[in-house]
Ligand SMILES: [Zn+2]
């Protein structure tokens, strides 16, 4: 497998005190990416996000933004898993909610910073 990362990002992050490894892997090199763009495996403490092929027909223009959003999404899953919300919480498994936080998180952080709330 080819492990890469975005820029100078760490390949290990702390999720509520538990280390998770972060990997960007081309789809063809990771069978678990077959039907998804990323996943969080709380049993192995791994976050894997697809490193999209550049220059494909019909692909988005800025794939790094999409990969970053996917990474935020999987990190949110990791926080929920480590909070004990992996199996028995309906709202914590709601993909729409996880994706909303992943998409709006940067704007929330900016607004909180501007308001002095951080
Ligand atoms: Zn998800």
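Side notes on the structure shown:
- Residue among 107, 45, 69 with the largest mean-square fluctuation in a Gaussian network model of the chain, springs linking Cα atoms under 10 Å: 107
- Note on the stretch 12-114: Cα convex hull, mean projected area over all directions, 7.8 nm².
- Based on DSSP H segments of at least four residues, each scored -39500 (n - 2.57), the chain has a per-residue ellipticity at 222 nm of -11500 deg cm²/dmol.
- Extending 7 Å from Cα along the Cβ direction at residue 99 and again at residue 32 yields two label points whose distance is 2.2 nm.
- Among 96, 74, 46, residue whose mean-square fluctuation peaks in a GNM of the chain (springs only between Cα atoms under 10 Å): 96
- Rel. contact order, % - alpha carbon contacts under 8 angstrom, at least six apart, the chain: 19 percent
Read the figures in this text as sums done on the coordinates, not as results from a lab. No experiment lies behind these values; they were computed from the predicted model shown. All Cβ positions, even for glycine, are placed from backbone atoms using ideal geometry, and neighbour counts span all protein chains on display.
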